[in-house]
There are 2 protein chains.
Amino acid sequence: MNQKMTLKDIAQIAGVSTSAVSMALKNHPRIGIQTKNRIIKIAEKWHYQPNHIARSLKSKRSGTFGLVITNIMNPFYPELAKGIEDKAMELGYNIILCSTNYDADRQKYLINTLRNKGVDGIIFSSAEINDVNIKPLVADGFPFVLVNRRIRNKKLDQRIDFVVVDNTAGGGMAIEHLYRLGHRRIAIITGSLATSTALERTEGARKTLLEHGLVAEPDLMKVCNFSKERAYEATFELLSLPAPPTAIFAENDYMALGVRDALLDGGLRIPEDMALVGFDDIEACAIKGVELTTISQKKYDMGAQAVTFLVEKIEHTGSHLKQMMLSPEIMIRKSCGYAQSGGYTDSDLRLASPAMKSTRARDPAENRPKGKNAVVEN
Amino acid sequence: MNQKMTLKDIAQIAGVSTSAVSMALKNHPRIGIQTKNRIIKIAEKWHYQPNHIARSLKSKRSGTFGLVITNIMNPFYPELAKGIEDKAMELGYNIILCSTNYDADRQKYLINTLRNKGVDGIIFSSAEINDVNIKPLVADGFPFVLVNRRIRNKKLDQRIDFVVVDNTAGGGMAIEHLYRLGHRRIAIITGSLATSTALERTEGARKTLLEHGLVAEPDLMKVCNFSKERAYEATFELLSLPAPPTAIFAENDYMALGVRDALLDGGLRIPEDMALVGFDDIEACAIKGVELTTISQKKYDMGAQAVTFLVEKIEHTGSHLKQMMLSPEIMIRKSCGYAQSGGYTDSDLRLASPAMKSTRARDPAENRPKGKNAVVEN
DNA sequence: TCTATTTGCTTTATCGATTCAGCACACTAC
DNA sequence: GTAGTGTGCTGAATCGATAAAGCAAATAGA
């Protein structure tokens with residue numbers, strides 16, 4: 001059994017042609033029932049396993065697609081990848097994992113390799129707003145889906161499938177929440193402005209500030225490129241302002257943890273001296289003593305949905321455009337001061353912006369999925 | 001360019017045979033220099049890209065291997081996967097990511113699929129001590145490497161490549177550390193005893209206890225199968241003992257966080273009322289306010305080394321057995337009480353067991369790699 | 001100058017599975 | 001009894017790249 005059995009081998013044993021074997025195993029109608037059964041029996045006996053490579057060569061389908069992310073060590077990705085992998089497996093696909101390491105050349109190389117290796121499609125979560133690698137894919141009609149991040153190109157955007165969270169709404173929710181808790185000087189720690197996520201979260205935040213008659217003061221805006229270290233430094237810059245903010249919105253949790261470190265190092269209390277809201281709801285947020293209020297994305301669902309879109313596209317060529325925007329949800333924990341202050345004030349509620357219309361505060365107890373996912377071994 | 005160019009297309013354009021093109025692109029010595037250059041130019045002009053599937057069919061090499069893990073959401077794996085992916089890319093390979101979800105049938109199916117898809121080898125990190133899927137691979141001479149976990153089968157073990165951390169030493173280090181800090185009643189929260197990691201950590205712990213004339217009391221041993229919830233419950237069981245422990249060693253950080261939750265919920269202080277040591281050094285351990293003392297594994301290096309072994313095996317058939325055991329390192333933070341107590345006592349140092357011979361306490365400031373890895377965007 | 005050797009390219013077989021065309025043979029219909 | 005329709009299998013081509021074998025023409029050696 002070391003040497004793999006081929007169709008030819010089985011054909012020889014059964015004393016028929018390879019086509020007969022192929023037909024028998026594929027349940028082709030024009031094969032005799034008795035011959036079929038005989039062949040199937042022989043194939044089973046000899047542990048015949050079809051060679052997917054040969055099959056792919058002929059069929060132009062590999063049953064594999066690529067997943068391009070920036071870096072799997074980013075705590076955002078494992079959950080996304082899990083959703084993708086589970087759904088892919090359910091639909092009969094495997095995934096090749098590729099990390100760009102934030103390197104455009106590497107990304108280009110990876111896409112090229114994936115295509116040469118015959119993947120049926122690509123799921124992209126690392127696209128930048130002007131990503132040059134997207135256009136050729138569209139031009140070639142190569143199946144792909146953007147997940148998490150979009151691009152900024154009106155013509156192109158209307159031809160591209162994607163699954164993202166409504167980052168604008170999310171950014172709005174963070175600000176709205178802090179506003180309702182009485183904050184009027186809110187600083188924003190932004191991600192990389194080359195990404196749609198950061199851009200949209202910033203836009204949403206800005207818009208909500210405006211709705212309340214506030215402006216996003218330049219001094220209170222710190223572009224930190226999703227870097228924890230930069231967020232740490234920026235926090236001290238904010239603290240040394242003549243009029244420091246009373247609350248900080250960090251556009252992802254990782255930066256929020258950097259802010260948190262800075263605040264604690266600076267001897268401030270959270271949320272008493274400074275309220276803090278993050279984005280993503282990575283697992284570390286929920287740890288007792290950290291308890292970061294954050295805007296939660298359904299990363300697992302996002303991944304699964306992207307796979308559904310991609311497979312639909314692969315298997316039904318010419319299928320129509322699929323774009324989905326999931327709603328974020330605010331996870332109210334302790335870093336914002338909601339619990340301490342006893343909730344929103346009436347006057348603030350009266351001023352509630354549309355951003356919070358559909359928002360409900362979930363019980364922190366139900367924040368994390370229980371069961372299998374909670375088993376973490378090694 | 002939508003339709004991929006093939007060798008045949010290029011041959012037609014150049015007015016030569018496909019073999020000529022193949023030879024030109026592979027720099028075969030028996031192709032004329034001028035013809036070669038002409039062909040190369042044409043291939044470039046038309047963006048010829050070789051079809052890896054066809055190549056694989058002929059060469060029996062796919063340049064891809066499988067990575068079988070239990071669940072990418074387990075915080076232990078991303079770093080391992082990163083090491084694997086980076087090294088794989090460096091050596092010209094891609095990886096297909098497969099999660100078993102702790103399901104033996106799924107694992108079997110995955111291995112089968114991977115082999116049918118023609119992967120050149122498999123890296124296995126989910127093996128259980130009596131894993132039934134390993135033997136057939138050995139019997140077939142299929143290239144694979146175990147990483148993180150080993151199996152327990154004397155005959156088989158001597159024929160299998162692996163890269164693991166010295167879990168026995170690690171378990172010993174945890175106990176030794178607590179012992180030197182004056183603890184004499186140390187509870188152990190174990191992982192699944194179907195895994196070599198948990199088994200060896202337990203053995204190491206037990207051995208070190210014995211070296212100090214202590215025994216691992218059954219009451220102080222809680223089998224928790226790497227479940228955070230189970231660890232939480234077990235902690236309360238320990239607390240309600242007539243003579244509760246003064247320290248707890250949890251065999252991974254995730255369970256340690258469960259223990260931590262329980263202790264905090266029970267109104268105890270860490271480390272004043274209970275010392276706590278974990279294993280793995282996942283990122284959450286280092287967060288301010290958590291600061292879990294833990295036994296650190298070089299997960300990234302482990303992954304990279306496993307790839308090196310696997311590729312060696314793939315590319316040089318008949319290469320000799322490769323087994324590597326990396327040394328763990330203790331990361332002393334705050335949950336053990338080392339800082340509070342001002343370090344080890346003289347008398348304890350005198351009793352130091354061999355387990356700690358090579359141990360040095362690292363400055364917590366150098367715990368986390370800086371730079372690129374610290375950028376976490378989405 | 002005539003046999004060797006080298007050079008440069010083409011032909012052909014191969015990898016393993018699939019699929020269409022083809023061809024007996026059986027069966028139905030009128 | 002002959003034309004027409006099915007049935008059940010074989011043969012050959014195909015997917016795209018590779019490599020061994022083959023075969024001219026050019027070069028070298030004596």
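Tabulated values for the structure
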{"item": "Hits in region A:175-197 - residues which are outside any strand (DSSP E or B), surrounded by 24 or more Cβ atoms within 10 Å (Cβ to Cβ) and touching a Phe, Trp or Tyr at 6+ places or on another chain (Cβ under 7 Å)", "result": "A:ILE175, A:LEU178, A:GLY191"}
{"item": "Count of region B:56-76 residues which are facing chain A (nearest Cβ under 9 Å) and not in a loop (DSSP other than H, G, I, E, B)", "result": "5"}
{"item": "Residue check for B:PHE144: touching a Pro at 6+ places or on another chain (Cβ under 9 Å) and on the phi < 0 side of the Ramachandran plot", "result": "no"}
{"item": "Residue list for region A:82-104, restricted to those being more than 11 Å from chain B (Cβ to nearest Cβ) and either buried (at least 18 other Cβ atoms within 10 Å of the Cβ) or farther than 25 Å from B:ILE69 by Cα (or both)", "result": "A:LYS87, A:ALA104"}
{"item": "Selected residue (only one of B:ASN71, B:ASN51 is under 39 Å from the mean Cα position of the chain (by Cα), closer than 30 Å to B:ASN116 by Cβ and away from DNA strand D (no atom under 12 Å from the Cβ))", "result": "B:ASN71"}
{"item": "Selection status of B:GLU79, within 20 Å of B:ALA304 (Cβ to Cβ) and either facing another protein chain (nearest Cβ under 9 Å) or not in a helix (DSSP H, G or I) (or both)", "result": "yes"}
{"item": "Residue selected from region B:1-57 under the condition among the hydrophobic types (A, V, I, L, M, F, W, C), more than 8 Å from DNA strand C (Cβ to nearest atom) and surrounded by fewer than 16 Cβ atoms within 10 Å (Cβ to Cβ), by the criterion nearest to A:ASP120 (Cα to Cα)", "result": "B:MET1"}
{"item": "Residue count for region B:30-50, restricted to those that are closer than 30 Å to A:VAL138 by Cβ and in a helix (DSSP H, G or I)", "result": "6"}
{"item": "Of the criteria (1) closer than 19 Å to A:MET324 by Cβ; (2) without any contact (Cβ under 8 Å) to a residue 12 or more places away in the chain; (3) not polar (S, T, N, Q), which one A:LYS155 fails", "result": "(1)"}
{"item": "Residue within region B:302-318 that is away from chain A (no Cβ under 14 Å), outside any helix (DSSP H, G or I) and more than 30 Å from B:GLY66 (Cβ to Cβ) present", "result": "no"}
{"item": "Any hit, region B:13-29, residues being within 44 Å of the chain's Cα centre (by Cα), more than 8 Å from DNA strand D (Cβ to nearest atom), without any contact (Cβ under 8 Å) to a residue 40 or more places away in the chain and in a helix (DSSP H, G or I)", "result": "yes"}
{"item": "Selection status of A:ARG201, more than 14 Å from chain B (Cβ to nearest Cβ), basic (Lys, Arg) and not in a loop (DSSP other than H, G, I, E, B)", "result": "no"}
{"item": "Matching residues, region A:251-295, being under 17 Å from the mean Cα position of the chain (by Cα), over 19 Å from A:ARG206 (Cα atoms) and more than 9 Å from every other protein chain (Cβ to nearest Cβ)", "result": "A:ASP281"}
{"item": "Some residue of region B:105-128 being more than 16 Å from DNA strand C (Cβ to nearest atom), within 11 Å of another protein chain (Cβ to nearest Cβ) and on the phi > 0 side of the Ramachandran plot", "result": "no"}
{"item": "Some residue of region A:237-247 being touching a His at 6+ places or on another chain (Cβ under 6 Å) and more than 10 Å from every other protein chain (Cβ to nearest Cβ)", "result": "yes"}
{"item": "Any hit, region A:152-169, residues being buried (at least 20 other Cβ atoms within 10 Å of the Cβ) and within 26 Å of B:LYS117 (Cβ to Cβ)", "result": "yes"}
{"item": "Residue ID - farthest from DNA strand C (Cβ to nearest atom), chosen from residues in region A:65-74 that are in contact (Cβ under 8 Å) with a residue 24 or more places away in the chain and crowded, with 22+ Cβ neighbours inside 10 Å", "result": "A:ASN74"}
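One line per residue, one yes/no per condition, for (1) touching a residue at least 60 places away in the same chain (Cβ under 8 Å); (2) assigned to a helix (DSSP H, G or I); (3) in contact with a helix residue (DSSP H, G or I) (Cβ under 7 Å, 6 or more places away or on another chain); (4) buried (at least 21 other Cβ atoms within 10 Å of the Cβ):
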residue: A:MET255; (1), (2), (3), (4): yes, yes, yes, yes
residue: A:LEU263; (1), (2), (3), (4): no, yes, yes, yes
residue: A:PHE279; (1), (2), (3), (4): yes, no, yes, yes
residue: A:GLU291; (1), (2), (3), (4): yes, no, no, yes
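Taken together, the values in this text are just the output of simple stated rules run on the coordinates, not laboratory data. Model, not experiment: these values are computed from the prediction. Counting neighbours? That spans all protein chains shown, and the Cβs are built from the backbone with ideal geometry, glycine included.
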